[in-house]
Amino acid sequence: MHNTAAYQIRKPSLPRRLRHTAVAAAIAAVAMVALPGLASAQQLSSVSIDTFRSSGTLVLDVNGASTTPGATVIQWFRNGGSNQRSNVVDPGYGNELIVNQNSGMCLTSDGVAGHWVYQWPCENSNEHQQWVGDLDSITSHVTSLMNVASGQYLDVNGDSPWPGAHLITWYWDQSAGEGFGD
């Protein structure tokens, strides 16, 4: 069984959640399908991930609709393209792969804080392609996506609200109001 849902990437606010620079994803309330460790997983198909800093007007986008390994992921205006849609797949061990519909490649981090995330051919055992989500018990939204290999969180470079800003991984930040690049 699969669901179609829209994610919203947002930063949690205090005091209900600890604030950090992670890009957050919110599963539509009706979907209630969890990312790793949140519930028995089922695949989410054709989801878009909205960035919080843009008030939901920008989504994760494989730059230039590229199908080339190593193409970077940016935030861009929602246009419904398959380069802006992903399938969230549980490879069977509790973490998730975020697979771009256009290229069939996985969201990948090199594990270095501040480096851009990119797409790369999926390898189920590659921890740089595995993500874990955290659930807010009050809102039932996924509030962060952590890369398994690095322990860093998906974030918008410079906490930018502008189209074209790259997605990176960055450290957990518990201070209110502080974003990457501050």
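The values are calculated or read from the model by the stated rules, or taken from the named source; none is laboratory data. None of the values given here were measured: they were computed from a predicted structure. Note: ideal-geometry Cβ built from the backbone for every residue, glycine included; neighbour counts use all protein chains shown.
Quickly run through segment 81-108 and pick out the residues that are under 13 Å from Ile49 (Cβ atoms) and under 13 Å from the mean Cα position of the chain (by Cα). Passing the criteria: Gln84, Arg85, Ser86, Asn87, Val88, Glu96, Ile98, Val99, Asn100, Leu107. Within segment 54-74, how many residues turn out to be within 19 Å of Gln129 (Cα to Cα) and either of a type in the set (Lys, Arg) or out of contact with any helix residue (DSSP H, G or I) (no Cβ under 6 Å at 6 or more places or on another chain) (or both)? The total comes to 8. For segment 99-137, the set of residues classified as in contact with a helix residue (DSSP H, G or I) (Cβ under 8 Å, 6 or more places away or on another chain) and closer than 16 Å to Val62 by Cα consists of Asn100, Gln101, Asn102, Ser103, Cys106, Leu107, Thr108, Ser109, Trp116, Trp120, Cys122, listed by residue number. Of all residues in segment 159-182, those being small (Gly, Ala, Ser) and modelled with pLDDT of 90 or more number 3.
Residue count for segment 55-84, restricted to those that are of a type in the set (Val, Ile, Thr) and farther than 18 Å from Ile168 by Cα: 3.
If you go through segment 89-109 and keep only what is surrounded by 15 or more Cβ atoms within 10 Å (Cβ to Cβ), at pLDDT 95 or above and assigned to a loop (DSSP other than H, G, I, E, B), you end up with Gln101, Asn102, Ser103, Met105, Ser109.
The one condition from (1) touching a Phe, Trp or Tyr at 6+ places or on another chain (Cβ under 6 Å); (2) on the phi > 0 side of the Ramachandran plot; (3) at pLDDT below 85; (4) not basic (Lys, Arg) that Ala25 does not meet is (2). Scanning segment 49-70 for residues that are surrounded by 20 or more Cβ atoms within 10 Å (Cβ to Cβ) and of a type in the set (A, V, I, L, M) gives Ile49, Leu58, Val59, Leu60, Val62. For the criterion of being crowded, with 20+ Cβ neighbours inside 10 Å, farther than 20 Å from Gln43 by Cα and modelled with pLDDT under 95, Val156 passes.
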